[in-house]
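The values are calculated or read from the model by the stated rules, or taken from the named source; none is laboratory data. All of these numbers come straight from a predicted model, not from anything done at the bench. Using ideal geometry, Cβ is built from the backbone for each residue, glycine included, and neighbour counts are taken over all protein chains shown. Protein only, heavy atoms only, side chains kept; ligands, DNA and RNA dropped before computing areas. Shrake-Rupley method; radii C 1.70, N 1.55, O 1.52, S 1.80 Å.
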Amino acid sequence: MTQAVSPQPGFWKKNQQKLAPWLFLAPGLLMFVIYVLVPIFESIWISFHDWDGLGAKVWIGLGNYAELLQDDAFYTSLKNNIIWLVLYLLSIPAGLAVALFLNQTVPGIRLYKSLFFFPFVLSQVVVGLMFTWFYAPDFGLFSKLIEEITGQQIAILADERFVTYGIIVAGLWPQTAYCMILYLTGLNNINPEQVEAARMDGAKGLKLLWYVILPQLAPATFIAMVVTVIGSLRSFDLVSIMTAGGPYGSSQVLSYFMYEQALSEYGFRMGYGAAIAVVLFLIMMIFITLFIVRMIAQERNA
């Protein structure tokens with residue numbers, strides 16, 4: 001009497017565990033390729049052409065990059081982006097300090113959390129308008145305070161010496177709130193047993209913060225660092241709303257310079273704008289790669 005041979009399992013049953021994660025990831029990966037990777041390579045390709053966005057592309061090789069290196073406005077924008085990058089990083093320790101203050105169980109702490117969270121939900125356009133009024137020479141609160149102290153008014157947004165710093169202060173307000181949220185989430189996930197053990201060993205204050213709490217907040221710090229660097233390098237909204245790159249182009253950053261050359265009434269030079277975008281992308285990638293390499297090294301040494 002012959003035994004019935006069971007049919008061989010199909011391809012799906014054999015590879016179900018391997019294929020299932022990729023099927024779930026497929027929609028996200030497809031959108032990432034279409035909306036991120038393809039535009040990146042398309043921008044790089046356009047940067048080698050002279051193109052107004054409508055007519056035929058004319059291949060000029062590295063001509064746009066050669067012109068960029070001789071453009072004074074590019075170096076002004078690059079310098080302002082470096083200032084943005086350095087000062088914008090202040091939002092990380094500021095957000096940590098606010099998070100440590102709010103991570104307490106005292107009466108009314110929810111109200112304080114709401115007040116500190118408020119800037120994060122505001123549009124960058126609203127923030128820009130608020131600080132434009134804040135700096136206004138005639139009725140702005142800041143100008144009135146400066147006038148009371150020094151006896152003279154200072155038009156922050158009309159002075160080439162101060163305009164970039166004034167816009168950065170406006171950007172630090174919501175960015176600090178964002179970093180605060182990241183750190184509050186990280187503080188809620190801290191292992192209380194390690195904190196108690198450190199306290200029993202005599203650690204307190206700054207030592208407890210530096211050696212016990214901050215290492216556990218490393219993931220939050222990494223995300224805050226990456227988001228802050230990206231935010232500082234693509235700082236378009238506030239510059240556009242508060243000064244439109246003025247006075248005399250002194251507050252321009254690379255993202256606004258790119259828009260002005262490629263899309264504004266002064267430009268329609270898509271190839272030149274794409275070259276600026278490529279430079280900005282490379283700067284972002286350098287900083288983010290450094291952070292990732294450092295994070296991986298720290299994880300291996302841990």
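When the range 227-260 is filtered for residues that are more than 30 Å from residue 97 (Cα to Cα), buried (at least 22 other Cβ atoms within 10 Å of the Cβ) and among the hydrophobic types (A, V, I, L, M, F, W, C), the ones remaining, listed by number, are 254, 257, 258. Are any residues in the range 40-56 open to solvent by 90 Å² or more (accessible area, probe 1.4 Å) and at pLDDT 90 or above, and if so, which ones? Correct list: 41, 45. Per the listing 224, 197, the residue uniquely among the small types (Gly, Ala, Ser) and either open to solvent by 70 Å² or more (accessible area, probe 1.4 Å) or over 24 Å from residue 85 (Cα atoms) (or both) is 197.
Taking the range 281-302 as the range and being in a helix (DSSP H, G or I), aliphatic (A, V, I, L, M) and at pLDDT below 90 as the test, the residues that pass are 283, 284, 285, 286, 288, 290, 292, 293, 295, 296, 297. Across the range 22-39, not a single residue is classified as open to solvent by less than 60 Å² (accessible area, probe 1.4 Å) and in contact with a Phe, Trp or Tyr (Cβ under 8 Å, 6 or more places away or on another chain). Inside the range 167-185, residues that are free of Cβ contacts under 8 Å to residues at least 60 places away in the same chain and either in a loop (DSSP other than H, G, I, E, B) or open to solvent by less than 30 Å² (accessible area, probe 1.4 Å) (or both) make up a count of 1. Within the range 146-154, not a single residue is crowded, with 17+ Cβ neighbours inside 10 Å and under 19 Å from the mean Cα position of the chain (by Cα). Among the residues of the range 208-229, is any closer than 26 Å to residue 134 by Cα, within 18 Å of the chain's Cα centre (by Cα) and outside any helix (DSSP H, G or I)? No, the range 208-229 has no match at all. Contact map, the range 139-165: residues that are without any contact (Cβ under 8 Å) to a residue 12 or more places away in the chain paired with residues that are open to solvent by 90 Å² or more (accessible area, probe 1.4 Å), Cβ distance under 9 Å, separation 6+ or inter-chain. Pairs shown: 139/133; 140/133; 141/133; 146/152. Residues of the range 87-96 include none that is farther than 25 Å from residue 283 by Cα, surrounded by 17 or more Cβ atoms within 10 Å (Cβ to Cβ) and free of Cβ contacts under 8 Å to residues at least 40 places away in the same chain.
Of the residues making up the range 105-129, just one is touching a residue at least 24 places away in the same chain (Cβ under 8 Å), open to solvent by 70 Å² or more (accessible area, probe 1.4 Å) and aliphatic (A, V, I, L, M), namely 129.
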